[in-house]
């Protein structure tokens, strides 16, 4: 898919409205209708704790595309570390999150995201290397192969019921610099900004 960077200045200056990003995403075939199944634990997030849970795997760290990773195996056999408080990171000569390594790591990140008001949300990911983002079981974003730091095409979600929605992220870093950030533009706002830490939670381990 050809990549358009026309929307990228939205990260620093207004892009007009969420409708503009949503319309662009719809043309890309990424627009979603949903938001019908907010977290059963309640819209207030009762019983959840801050941050997201990451599962790390090193067996498949040399892959060049997310489709090369057997994700069912990762989620059951990978190594789980402390929660990640937010997603707005670039790593140069540093361990990738709490992986203990600077490269060749696969991550499955899971938890919940707080969509606090009804309406249309726009999302963009910045990554190095591949990433896929799912909200409420629906794929919102994808940039799945090896690449330098770059922004994904935008994705959207229409929310009818505010609440905490399941969030799953597939990610891998092959070599060199690593990056992973998630941006959003909630309804009634004009900018894409990093999703704040207080919008992420996870279920504590039983």
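The values are calculated or read from the model by the stated rules, or taken from the named source; none is laboratory data. Not measured: the values here are computed from a predicted model. Positions of Cβ are generated from backbone atoms using ideal geometry, with glycine treated the same way; all protein chains shown enter the neighbour counts.
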Inspect the stretch 157-170 for any residue being part of a loop (DSSP other than H, G, I, E, B) and either touching a helix residue (DSSP H, G or I) at 6+ places or on another chain (Cβ under 6 Å) or surrounded by 15 or more Cβ atoms within 10 Å (Cβ to Cβ) (or both) and give the result as yes or no. yes
Spot the failing condition for residue 82; the list is (1) at pLDDT 90 or above; (2) in a loop (DSSP other than H, G, I, E, B); (3) under 30 Å from residue 46 (Cβ atoms), and only one is missed. (1)
Taking the stretch 171-189 as the search range and keeping residues that are touching a helix residue (DSSP H, G or I) at 6+ places or on another chain (Cβ under 8 Å) and outside any strand (DSSP E or B), which one is farthest from residue 107 (Cα to Cα)? 188
Could you list, in sequence order, the residues of the stretch 153-170 that are more than 18 Å from residue 108 (Cβ to Cβ) and in contact with a strand residue (DSSP E or B) (Cβ under 8 Å, 6 or more places away or on another chain)? 153, 154, 155, 156, 157, 158, 159, 162, 163, 164
Residue 103 fails exactly one of the following numbered conditions: (1) touching a residue at least 24 places away in the same chain (Cβ under 8 Å); (2) in a strand (DSSP E or B); (3) within 28 Å of residue 62 (Cα to Cα). What is the number of that condition? (2)
When (1) more than 24 Å from residue 191 (Cβ to Cβ); (2) assigned to a loop (DSSP other than H, G, I, E, B) are applied to residue 73, the one that fails is (2)
In the stretch 120-152, which residue that is touching a helix residue (DSSP H, G or I) at 6+ places or on another chain (Cβ under 6 Å) and part of a loop (DSSP other than H, G, I, E, B) is surrounded by the most Cβ atoms within 10 Å (Cβ to Cβ)? 130
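A quick yes/no check of all residues on (1) in contact (Cβ under 8 Å) with a residue 60 or more places away in the chain; (2) within 13 Å of the chain's Cα centre (by Cα):
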site	(1), (2)
117	yes, no
123	yes, yes
126	no, yes
138	yes, yes
162	yes, no
Criterion violated by residue 92 - all others in (1) surrounded by fewer than 14 Cβ atoms within 10 Å (Cβ to Cβ); (2) in contact with a strand residue (DSSP E or B) (Cβ under 9 Å, 6 or more places away or on another chain); (3) under 15 Å from residue 203 (Cα atoms) satisfied: (3)
